[in-house]
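The values are calculated or read from the model by the stated rules, or taken from the named source; none is laboratory data. These figures come from a predicted structure and were not determined experimentally. Cβ atoms come from the backbone with ideal geometry, glycine included; neighbour counts cover every protein chain shown.
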Amino acid sequence: MTIENLNNTLSAIDEINRQDPNSIVVDGNTQAKELVYGLQMTDCLKQYWPDANELLQIAVRAQHIKRWQLKRTEFAEGKAGYYQWRIAQGKFHAELTASIMVEQGYTVKESEQCAAIIRKENLTTNNDSQTLEDVACLVFLMHYFNEFAAKYTEQDNEAKIVRIVQLTWKKMSEQAHDIALSLTLPEHLAVIVTKALS
């Protein structure tokens, strides 16, 4: 496909994410949360996987497209409900992205391939699915780990943060491990990572 198809698809994803009712403050500016997240995902992909193919570029940008639509409260409490919500989110993001791609001139086959990446199918055999997982984990460490850790530190539950880092680490490839270890994290977060990996 052409660069125009790609750019139009990414713009359509951004346009939807710009409608997010949830906002975060970045560099003093209030912005739509999922719009910021999508751009952070793309920046990470460009930095560490500069040769990523078009379908992966789209999947990375659309990882959380319209995430506010399916609310966690609509699913049962507890771990089982959480996983049901996560699976439903993956399907929703994948279907919405596939429909946008077809509108922007991609084939149904291409849109289905991209949807499979977003659903993170065949992580061990599909390099694109694994890279999407890697990018998501790295973006978490770079941009969301501090706020996340603070929440559990307030509850005096460092063990929970350590466990989450260990689970995140398991999902990542060796390449992503190397990238994560090269990140300059604030000292209190670096200590948590060291504990998790020891």
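Checking the condition on the phi > 0 side of the Ramachandran plot and out of contact with any strand residue (DSSP E or B) (no Cβ under 6 Å at 6 or more places or on another chain), which residue from K46, K66, K79 passes?
Checking each option against the conditions leaves just K66.
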Which residue pairs have Cβ atoms under 6 Å apart, sit 6 or more places apart or on different chains, and have a first residue in the range 71-96 that is assigned by TED's automatic domain parsing to the domain that holds I16 and among the aliphatic types (A, V, I, L, M) and a second that is in a helix (DSSP H, G or I) and surrounded by 11 or more Cβ atoms within 10 Å (Cβ to Cβ)? A94/A115; A94/I118
Q57 vs. criteria surrounded by 14 or more Cβ atoms within 10 Å (Cβ to Cβ), outside the structural domain of I164 (by TED's automatic domain parsing), farther than 22 Å from E147 by Cβ and polar (S, T, N, Q): yes
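A quick yes/no check of all residues on (1) buried (at least 17 other Cβ atoms within 10 Å of the Cβ); (2) modelled with pLDDT under 90; (3) aromatic (F, W, Y):
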site	(1), (2), (3)
A150	no, yes, no
D156	no, yes, no
A159	no, yes, no
V165	yes, no, no
W169	no, no, yes
A176	yes, no, no
I179	yes, no, no
Show the residue pairs that are 6+ apart or on different chains and have beta-carbon atoms under 7 Å apart, the first residue being within the range 2-22 and farther than 17 Å from R67 by Cα, the second being not β-branched (V, I, T). N5/Q104; N5/G105; N5/Y106; L6/E54; L6/Q57; N8/Q104; T9/M101; T9/Q104
Which residues, taken from the range 65-84, are more than 18 Å from N8 (Cα to Cα) and under 15 Å from the mean Cα position of the chain (by Cα)? R67, W68
Given the conditions (1) assigned to a helix (DSSP H, G or I); (2) aromatic (F, W, Y); (3) crowded, with 16+ Cβ neighbours inside 10 Å, and given that Y106 satisfies all but one, which numbered condition is not satisfied? (1)
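Go through the range 135-158 and count every residue that is touching a Leu at 6+ places or on another chain (Cβ under 9 Å) and not polar (S, T, N, Q). Give the steps one after another, and end with the answer.
Within the range 135-158, the first condition is being touching a Leu at 6+ places or on another chain (Cβ under 9 Å), and the residues that meet it are 135, 138, 141-142, 145-146, 149.
This time we only want the ones that are not polar (S, T, N, Q), so: 135, 138, 141-142, 145, 149.
Residues in the range 135-158 being touching a Leu at 6+ places or on another chain (Cβ under 9 Å) and not polar (S, T, N, Q): 6 in total.
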Filter pass, E158 being over 22 Å from W49 (Cβ atoms) and in contact (Cβ under 8 Å) with a residue 24 or more places away in the chain: yes
Scan the range 9-26 and give yes if some residue there is of a type in the set (V, I, T) and either loosely packed, with under 11 Cβ neighbours inside 10 Å or outside the structural domain of V102 (by TED's automatic domain parsing) (or both), otherwise no. yes
I'm told T42 meets every condition in (1) exposed (fewer than 14 other Cβ atoms within 10 Å of the Cβ); (2) under 15 Å from the mean Cα position of the chain (by Cα) except one. Can you identify the failing condition by its number? (1)
